[in-house]
Amino acid sequence: MLVSVYRYNPETDDAPYMQDIHIDIPGGKDIMVLDLLHLLKEKDTSLGYRRSCREGVCGSDGMNMNGKNGLACITPLSAVVVDDKLVIRPLPGLPVIRDVVVDMSQFYKQYEKIKPFLINDTPAPTMERLQSPAERAELDGLYECILCACCTTACPSFWWNPDKFIGPSGLLQAYRFLADSRDTATHERLSELDDPFSVFRCHGIMNCVSVCPKGLNPTKAIGKIRNMLLQQAT
Amino acid sequence: MNELRTLTFDAIVVGGGGAGMRAALQLAQSGLNTACVTKVFPTRSHTVSAQGGITCAIASADPDDDWRWHMYDTVKGSDYIGDQDAIEYMCSVGPQAVFELDHMGLPFSRTETGRIYQRPFGGQSKGPDNPTQAARTCAAADRTGHALLHTLYQANLKAGTTFLNEWFAVDLVKNEDGAVVGCIAICIETGETVYIKAKATVLATGGAGRIFASTTNALINTGDGMGMSLRAGVPAQDMEMWQFHPTGIAGAGTLVTEGCRGEGGYLINKDGERFMERYAPNSKDLAGRDVVARSMILEILGGRGCGPNGDYVYLKLDHLGEEVLLSRLPGICELSKTFAHADPVKEPIPVVPTCHYQMGGVATNIGGQALFPDKDGGHTIIDGLFACGEVACVSVHGANRLGGNSLLDLVVFGRAAGIQIEKQMREGYEAKDASEADIQRAMTRLNRLNGSSEGTAVAEVRKELQATMQLYFGVFRDGESMQKGLKLLGEIREKVENLYLDDKSHAFNTARIEALELQNLMEVAEATAIAAEVRKESRGAHARNDFADRDDENWLCHSVFFPADKTVGKRAVNFAPKTVEPFPPKIRTY
């Protein structure tokens, strides 16, 4: 098959370029894209990409494969290769450090902005704070986020306003704390989101939903934050 | 020689997984100038892959539960070479550490009364006289590690911890007194090498499961802390003790939580027989991990394995029903579909014992202070060096870790190391500055690699190392084949000492990191192999065909690998808990 990989080494390249490599997959097996990258790296050790858990839970290897963001380690070739060809590019919209490694500072900054930690100023009990199964169920579909940035970097609103629009991942986490029965900072959290950009730049394009490797739905969470903001305003 | 830039902190934590971030949190909250140096962004650490839960007697599932029962299970699980003072500390302090996690926001699953949900895990009882299966493992569905790691990162953000993300620690720097005063580290993004100066250095670098070809471990689990400490001359304890998790997905190696069996799943052979009933009549599929792993291998060797080559067994879950599977084990359903092409709702998962956890490591006391065991069975404290989590051997796991005890180990001893350092700093701990020569000594390895003009390629040697460990030092071992393995390791070491780094660029050079990681793997593999050959008995995870029985007369002790002359000594196990009677060694059955 033909693999076309985005290459850029800031020390030696004036500009990024696509490198075409023909490769035979041993045994013709349906391996994961990450395994394919390992094969390429054995031949050319200078190829740079991040990886860690290789099972879709750490969020290191988000990249763009034939035009769609996803995790290389849980994307089998059969799911992305078209006409025996695969184009691998870094996640779009973030500065490239090297090859498919992007600078995620902006993404993390938006995450930090929403105060991604439980706030509860009442004295903690000597045991856990009680939470009913129904209250806990409110966190399902939210807490599972792995911060891979597949969603945020697939979002045109984030491409346009990466400094002002929190982006789908950050907003999913914002709602994760708004929805937690143990958190008491609802008012403060909403006030900090209440501007024309942080939440309202979401135009419901739903790219985030279609690329999330964990099957989460940031658009739905954003809708809930909008409702809470509207309710707080009235 | 250019002088390196120096970054200065009171304390640094090397590693941003569960143990490292719990230690960093404690230090940041104490107001010390602390940095967490981590080669991956913290939430990419391997703690994220822990699934089933954190074992702790919080008395939710059973209001009468008692941490002493948990202590007994852990001592028994360790096959009696876990240190009982450390186990006592972990099990008794545990509930407080777990409640802290809830207060930080960890999204635990809940019971109808609103308490934390606990599930049964292997090796759990209700005390020495009551083998009834307990349910003591606190869970966030089957994503407990992910929930814990993110919660700790979030708590650190709240506390304002300094993170040096994507910085790779290369080697420890020691001053003229032999105290550890920081480390050499590379900023991966820019390639800049610096000296990070610190009065306290905490190794929280996790395990080294990547010494084996088949492992549940992440690609980053390369034993960097062990490599650094062994090169600095620090002995390593119980390195022959490696846990093979019964249920890694055949072929892929990805973990399938013991929680599956806790929720009622069981293993079957090709005849559909629930074979664990034969090997562990009482606990069956929830016997100790070492016991279950060996039973599976015996089934496979006995020709009762499943699949075209008969080289795995099945984990059956479909009888639990779709609702239980999707609510309690959603992550497993996902992983199984992705890596085994099997939907657990309808069909069993093909599984094999897979290298999972390093019980040995840097010997420490309860406060995480690294110990230097001597050849006479005594020890001294190494000033400035601490360890916690999988890299440490405190030792709460002994010869076999119980499921759910690793996450508890992380938070309890990460916290304890932080408390100990805070105390020492308040008492005015000082260390002499490292000289330029001290710093250059720690640069030796990196300089050699950066100057390499020929040698072997990393990927090739790594495969060779992993295959050798897998073949000669796996679930069952024997003297003759280990001798063969040791000889091969000697040849591999020569290649590892002469690796060729063909890409010498600076920006995000992962080739350089992989070469340094391979050298760390080599140190761990060698310590493992030598210690395994020397321990002439079978205990916990260390099972020898040529010495099939436990030998308490000669081996009811820790092994200590001395890197200076590559010999192995012995160190006494602690049988002196402070508040309870010690648990004497008994025959271990489940």
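How far apart, in nm, are two points set 7 Å out from the Cα along the Cα-to-Cβ line at A:SER210 and at B:VAL534?
Spacing of the two 7 Å Cα→Cβ label points: 6.1 nm.
Evaluate peptide B:259-265: per residue, the Cβ atoms of other protein chains within 10 Å of its Cβ; return the mean as an integer. Each step should come with its number before you reach the end.
Values: counts 0, 0, 0, 0, 0, 0, 0.
Mean partner-chain Cβ count within 10 Å for B:259-265: 0.
From the phi of every residue in the range A:19-28, what ³J(HN,Hα) in whole Hz does the Karplus formula 6.51 cos²θ - 1.76 cosθ + 1.60 yield, where θ is phi - 60° and glycine or proline is x?
Result, rounded to whole Hz: 9, 8, 10, 8, 9, 9, 7, x, x, x.
Going by C-beta contacts inside 10 Å, put A:GLU42, B:GLU581, B:GLU258 in order with the fewest on the left. Can you show the working numbers first?
Details: A:GLU42 14, B:GLU581 9, B:GLU258 28.
Ascending Cβ contact count within 10 Å gives the list B:GLU581, A:GLU42, B:GLU258.
Measure up A:LYS85/B:LYS337; B:LYS316/B:LYS487; B:LYS199/B:LYS578; B:LYS487/B:LYS586 against 29 Å on the Cα-Cα distance and list the ones that go over. Working shown, then result.
Working: A:LYS85/B:LYS337 25 Å; B:LYS316/B:LYS487 41 Å; B:LYS199/B:LYS578 31 Å; B:LYS487/B:LYS586 36 Å.
Exceeds cut-off: B:LYS316/B:LYS487; B:LYS199/B:LYS578; B:LYS487/B:LYS586.
What 222 nm value per residue comes from the helices of chain B, counting each DSSP H run with n ≥ 4 as -39,500 (n - 2.57) and dividing by all residues, nearest 500 deg cm²/dmol? Provide the component values of the computation, followed by the final result.
Working: 16 runs with 204 residues, N = 590.
So the helix-based figure for chain B works out to -11000 deg cm²/dmol.
Please give the FRET efficiency for B:THR8 paired with A:ALA137, using the beta carbon to beta carbon distance and R0 = 56 Å, rounded to the nearest 0.05.
Details: r = 48 Å, r/R0 = 0.85.
Plugging the Cβ-Cβ distance into 1/(1 + (r/R0)^6) gives 0.75.
What fraction of the DSSP beta bridges in chain A is antiparallel, stated in percent and rounded to the nearest 5?
Values: 16 of 20 bridges.
For chain A, the DSSP antiparallel bridge percentage is about 80.
Could you list the residues of the range B:162-192 with an amide nitrogen less than 18 Å from a label point located 7 Å from the Cα of B:ASN447 in the Cα-to-C-beta direction?
B:170-176, B:183-186, B:192
Compute the distance in nm between two label points, each set 7 Å from the Cα along the Cα-to-Cβ direction, one at A:MET18 and one at B:ASP177.
Going from the A:MET18 label point to the B:ASP177 one covers 6.2 nm.
Out of residues 5 or more away from A:GLN19 or on other chains, whose amide H comes under 5 Å of its own, with H placed 1.01 Å from N in the peptide plane?
Placed amide hydrogens put A:VAL5, A:TYR6, A:ARG7 under 5 Å from A:GLN19.
How much length is gained if the chain between B:TYR500 and B:GLU112 is pulled fully straight, taking 0.36 nm per residue apart and subtracting their Cα-Cα distance, in nm to one decimal? Display every interim value, and only then the final one.
Details: separation 388, 0.36 × 388 = 139.68 nm, distance 5.94 nm.
Answer, rounded to one decimal: 133.7 nm.
Translational diffusion coefficient, Stokes-Einstein: compute it for the range B:259-356 using the Kirkwood radius over C-alpha pairs as Rh, at 10 °C and 1.306 mPa s, and state it as an integer in µm² s⁻¹.
Numbers: Rh = 13.6 Å.
Roughly 117 µm²/s, to the nearest whole number.
Put one equal scatterer on each alpha carbon of the protein assembly as shown, apply the Debye formula with no solvent term, and list log10 I(q)/I(0) at q = 0.07, 0.09, 0.10 1/Å to two decimals.
Each listed q maps to, in turn, -0.48, -0.84, -1.06.
Under 25 Å Cα-Cα from B:LYS484, which lysines qualify once same-chain neighbours fewer than 8 residues away are excluded?
B:LYS463, B:LYS495, B:LYS536, B:LYS566, B:LYS570
Please work out the Kirkwood hydrodynamic radius for chain B, using every pair of different C-alpha atoms, and report it in angstroms with one decimal place. Mind showing how you got there, number by number?
On the way: mean 1/r = 0.0420 Å⁻¹.
So the Kirkwood estimate lands at 23.8 Å.
Along the Cα→Cβ direction, 7 angstrom out, place labels at A:SER191 and B:THR567. What is the inter-label distance in nm?
Reported label-point gap for A:SER191 and B:THR567 is 7.0 nm.
Taking the convex hull of the alpha carbon atoms in the range B:392-506, what volume per residue do you get, in Å³?
Working: hull volume 24.2 nm³, N = 115.
Roughly 210 Å³ of hull volume per residue.
Restricting the count to DSSP beta bridges whose residues both fall in chain B, what percent are antiparallel, rounded to a multiple of 5? Mind dumping the intermediate values first?
Working: 46 of 72 bridges.
Antiparallel bridges: around 65 percent, rounded to the nearest 5.
Find how many whole Å separate the alpha carbon centroid of the range B:494-573 from the alpha carbon centroid of the range B:282-360.
The distance from the Cα centre of the range B:282-360 to that of the range B:494-573 comes to 28 Å.
So what's the back-of-envelope 222 nm ellipticity for chain A, counting only DSSP H runs of four-plus at -39500 (n - 2.57) apiece and dividing by all residues, rounded to 500? Walk me through the numbers before you get to the answer.
On the way: 9 runs with 74 residues, N = 234.
About -8500 deg cm²/dmol.
Diagonalise the Cα gyration tensor of the range B:444-554 and give the resulting equivalent ellipsoid semi-axes, square root of 5 times each eigenvalue, largest first, whole Å. Mind dumping the intermediate values first?
Values: eigenvalues 233, 29, 23 Å².
Taking √(5λ) for each Cα gyration eigenvalue gives 34, 12, 11 Å.
B:ASN282 label point, 7 Å along Cα→Cβ, cut-off 20 Å on backbone N: hits in the range B:68-96?
B:68-82
Nearest-5 percent of antiparallel DSSP beta bridges in the protein assembly as shown? Show your work: numbers first, answer last.
Values: 62 of 92 bridges.
Bridges in the protein assembly as shown are about 65 percent antiparallel.
For B:MET522, B:MET359, which order do you get if you count the other beta carbons within 10 Å of each Cβ and list the fewest first? Walk me through the numbers before you get to the answer.
Details: B:MET522 25, B:MET359 28.
So the residues, fewest neighbours to most, are B:MET522, B:MET359.
Order by neighbour count: B:MET425, B:MET241, fewest other Cβ atoms within 10 Å first, most last. Kindly include the intermediate steps, with their values, before the conclusion.
Details: B:MET425 19, B:MET241 32.
Lowest count first: B:MET425, B:MET241.
Work out from phi, with θ = phi - 60° and the Karplus expression 6.51 cos²θ - 1.76 cosθ + 1.60, the ³J(HN,Hα) of each residue of the range B:128-134, listed in order in whole Hz, and give x for Gly and Pro.
x, 9, 9, x, 3, 4, 8
Which length gain, in nm to one decimal place, applies between A:ASN227 and A:LYS164 when the Cα-Cα distance is subtracted from 0.36 nm times their residue separation? All intermediate terms of the calculation are to be shown ahead of the outcome.
Values: separation 63, 0.36 × 63 = 22.68 nm, distance 2.01 nm.
Gain on extension, A:ASN227 to A:LYS164, equals 20.7 nm.
Bear in mind these aren't lab numbers, they're just calculated from the coordinates by the rules spelled out. Model, not experiment: these values are computed from the prediction. Positions of Cβ are backbone-derived with ideal geometry, glycine not excepted, and every protein chain shown enters the neighbour counts.
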